[in-house]
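Here the structure is laid out as C-alpha cells; the discussion comes afterwards.
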Amino acid sequence: AARELFEQALAMARELGAPWAIGATLNDIGRAECDEGRPDLALKHLAEGLSLLHGLGDRPGVIESLEGFAGVAAATATPRRAARLLGAADALRQEIGNARSVDASIAYERQVKSVRAILTDEAFEQAWNEGRAMSFDDAVRYALDEAGRETSAPFELQFDGRWR
C-alpha cells in the first residue's frame, strides 16, 4: 500500500517539476520494492533517485539512497557490499551531523544487525571501515556500480556457519 502512495507522490512531484521531491520519493519507492522482494526494480529507482539527489548536492538524500542500496545488497546476498555502503552512509551522516529519525534508526540498526549476523566480525569490520574511508563521490560511484560485483567474491563464498 505504501509503494502505491509513493508512486502517486512521484507522479505529482514529476508533474510539478520538483526534483528534490522526485529524488526522495524514488528512494522511498526503492526501499518499498526491496521490502517486497523486487531488488531489480529497487536498484533502478534508487539509482535514479541517487543520481538526481547527488546532482542537487543533497547530502542527506544521498545518504538515504546509500542506505537503500545497502538494504538491497543485504537482501541479495552481498553482505560485504551492504556493510561497505552502511559504513559509507554512517561516516557521511557523522560528517554532516545528520541524525536519523527514530523510525529510521530502528530500521537502520536492524539492517546493521542482520548484516553483522551474516559476516564474521572481522569481515564486517573490514568492509565497514572500507565504506567509512570512501569519499562522498566514491560512495556514490560504488552504489551506482550496476554490476554490484564484489572484488572479494571468492572470499565471500567461504561459509562455515558464517560468511567470511
Share of carbon and sulfur in the accessible heavy-atom surface of the chain [1.4 Å probe, %]: 55
Whole-percent pair-distance distribution, where bins are 5 Å wide, for the alpha carbons of the chain: 1, 10, 19, 22, 21, 14, 7, 4, 1, 0, 0
Calculated diffusion of segment 24-84, Stokes-Einstein form, Kirkwood radius summed over Cα pairs, 4 °C and 1.567 mPa s, µm²/s: 117
Segment 1-52 and segment 119-134: distance between their alpha carbon centers, rounded to Å: 29
Solvent-accessible area per residue for segment 1-140 (1.4 angstrom probe, square angstrom): 48
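Please report, largest first and rounded to whole Å, the three semi-axes of the ellipsoid equivalent to segment 52-111, where each semi-axis is the square root of five times an eigenvalue of the C-alpha gyration tensor. Can you show the working numbers first?
Numbers: eigenvalues 68, 39, 20 Å².
Over the Cα atoms of segment 52-111, the semi-axes work out to 18, 14, 10 Å.
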Whole-number percent relative contact order across the chain, with pairs defined as alpha carbons under 8 Å at least 6 apart: 19
Residue among Leu5, Ala139, Thr78 farthest towards the positive dipole end of the chain, charges placed on Cβ: Thr78
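The values are calculated or read from the model by the stated rules, or taken from the named source; none is laboratory data. What you see is a predicted model, and the numbers here were worked out from it, not measured in a lab. Counting neighbours? That spans all protein chains shown, and the Cβs are built from the backbone with ideal geometry, glycine included. SASA here: full protein model, heavy atoms, side chains in, ligands and nucleic acids out. Shrake-Rupley method; radii C 1.70, N 1.55, O 1.52, S 1.80 Å.
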